[in-house]
C-alpha cells in the first residue's frame, strides 16, 4: 500500500479540476472567436452597403448632370439637326 502512494500520479479530484479549468479556458477562447467572426461579418455588411450607396449616388449625379442635355438643340440657323431616316 505504501508503494502505491509513493508512485507519482494524479488523484481523481485533481484530474476533474484540471478538466474543469481547461473547459473554462476553451469556452472563453470559443466565445472570443465567435464574437470576432460576428464583428467581422458586421463590418463586411456595412462596407457592402456603403459601396452600394456610393454607386447609387454616382448614378444619380450623372443623371442630374445630364438632365438638361438636349441633343437636338441648335445654336444657330445654319446648324444641321440630326437626320431622321
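The values are calculated or read from the model by the stated rules, or taken from the named source; none is laboratory data. The structure displayed is predicted, hence computed values, not measured ones. Cβ: placed from backbone, ideal geometry, glycine included. Neighbour counts: every protein chain shown.
Is there any pair with a first residue in segment 35-49 that is free of Cβ contacts under 8 Å to residues at least 12 places away in the same chain and on the phi > 0 side of the Ramachandran plot and a second that is surrounded by 10 or more Cβ atoms within 10 Å (Cβ to Cβ) and part of a helix (DSSP H, G or I) whose Cβ atoms are under 9 Å apart and which are 6 or more apart or on different chains, and what are they?
none
Yes/no matrix, rows are residues, columns are (1) at pLDDT below 95; (2) out of contact with any helix residue (DSSP H, G or I) (no Cβ under 8 Å at 6 or more places or on another chain); (3) surrounded by 10 or more Cβ atoms within 10 Å (Cβ to Cβ); (4) part of a loop (DSSP other than H, G, I, E, B):
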residue	(1), (2), (3), (4)
8	yes, yes, no, yes
30	no, yes, yes, no
69	yes, yes, no, yes
74	yes, yes, yes, yes
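In this structure, does residue 60 turn out to be surrounded by 10 or more Cβ atoms within 10 Å (Cβ to Cβ) and either part of a helix (DSSP H, G or I) or modelled with pLDDT under 95 (or both)? Steps first, answer last, please.
On the way: surrounded by 10 or more Cβ atoms within 10 Å (Cβ to Cβ): yes; either part of a helix (DSSP H, G or I) or modelled with pLDDT under 95 (or both): yes.
It is true that residue 60 is surrounded by 10 or more Cβ atoms within 10 Å (Cβ to Cβ) and either part of a helix (DSSP H, G or I) or modelled with pLDDT under 95 (or both).
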